[in-house]
Amino acid sequence: MNLEKIGEGKTATIVRSGETAIKLFINTPSFVAEHEASCQQFAYDAGLPVPAVLDVRMLDHGNMALHMQYIDGKPLIVPGMDKDERRYAIHTLVKLQCMVHRVNGQGLPNQTDLLAQKIRRVTFLDVAMKANLLDRLMRADTGSQNLCHGDFHPQNILFDGKKHWIIDWVDATAGNPLVDACRTYLIFKQYMLRSSGIYLQMFCKESGANKEDVLAWLPMIAAARLNENLNNKERAKLIEFIISR
């Protein structure tokens, strides 16, 4: 089999074989691949622009492989874009995100439960700080059941020249769209600072949300993100977001 590497992350490598993309999980429990396939299938069945899931299988050495439709596309935002192109890309992202949020996510993991699990596992905050964040999280829970992607940013939207595709559904939940938007805002804030305000303005206009209602989730979202593979500077900035609000 002729495999071409097309992506690599902390826990998986993605290769291409013809019209199939294969996500090869590394030292990861089998349920992780099965869970991601289930979330992606949920979004696909809802009629969203999502690559089709083809198969999940265990390889000879025990690692899991998720086979899916290969999308020959580029990320929504790429280096070299001018101001107008970037603004149009953010507008497209917001339209797609709000389309996702209109889907009923009942049956997927609960967003609040997932965030609480992530905050409890954080080792960079003291017990009192985590208790405060968990209390705020529980009090802010609206019981919403909207489909939320969980990591909606430009690198997870591919454009094949005709159509935009949404990928990487492993963190999909049923929950509050404002939480999902706050996560997107935080990613922009960390890596595309000049675009963060544009994104927030466009999202609020499209969804009818209030800016402060989105930003109210920032401490909890930043805390949950501390678990991820970040450098010390990125982690320090997240802690600053937590303390400042």
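Here are some notes:
- The residues of the stretch 56-106 that are β-branched (Val, Ile, Thr) and more than 17 Å from the chain's Cα centre (by Cα), listed by number, are Val56, Ile71, Val78.
- With respect to being part of a strand (DSSP E or B), out of contact with any helix residue (DSSP H, G or I) (no Cβ under 9 Å at 6 or more places or on another chain) and either buried (at least 18 other Cβ atoms within 10 Å of the Cβ) or aromatic (Phe, Trp, Tyr) (or both), Leu147 falls outside the description.
- Criterion: farther than 23 Å from Lys205 by Cβ and not small (Gly, Ala, Ser) - qualifying residue of Leu133, Leu147, Leu96: Leu133
- Condition met for Tyr88 (more than 30 Å from Lys130 (Cβ to Cβ), in the same structural domain as Ala223 (by TED's automatic domain parsing), at pLDDT 95 or above and not acidic (Asp, Glu)): yes
- Among (1) assigned to a strand (DSSP E or B); (2) under 28 Å from Leu230 (Cα atoms) - the single one Val50 does not satisfy: (1)
- Of all residues in the stretch 18-51 being loosely packed, with under 12 Cβ neighbours inside 10 Å and in contact with a Phe, Trp or Tyr (Cβ under 9 Å, 6 or more places away or on another chain), the one that is farthest from Asn110 (Cα to Cα): Gly18
- The number of residues in the stretch 102-122 being within 20 Å of Asn229 (Cβ to Cβ) and free of Cβ contacts under 8 Å to residues at least 24 places away in the same chain comes to 2.
- Test for Ser38: is it over 17 Å from Phe152 (Cβ atoms) and at pLDDT 95 or above: yes
- Residue match in the stretch 194-214 (condition: under 22 Å from Pro109 (Cβ atoms) and crowded, with 16+ Cβ neighbours inside 10 Å): yes
- Residues in the stretch 59-99 that are among the hydrophobic types (A, V, I, L, M, F, W, C) and exposed (fewer than 13 other Cβ atoms within 10 Å of the Cβ): 1 in all.
The values are calculated or read from the model by the stated rules, or taken from the named source; none is laboratory data. No experiment lies behind these values; they were computed from the predicted model shown. Because the Cβ atoms are built from the backbone with ideal geometry, glycine has one as well, and the counts that use them run over all protein chains shown.
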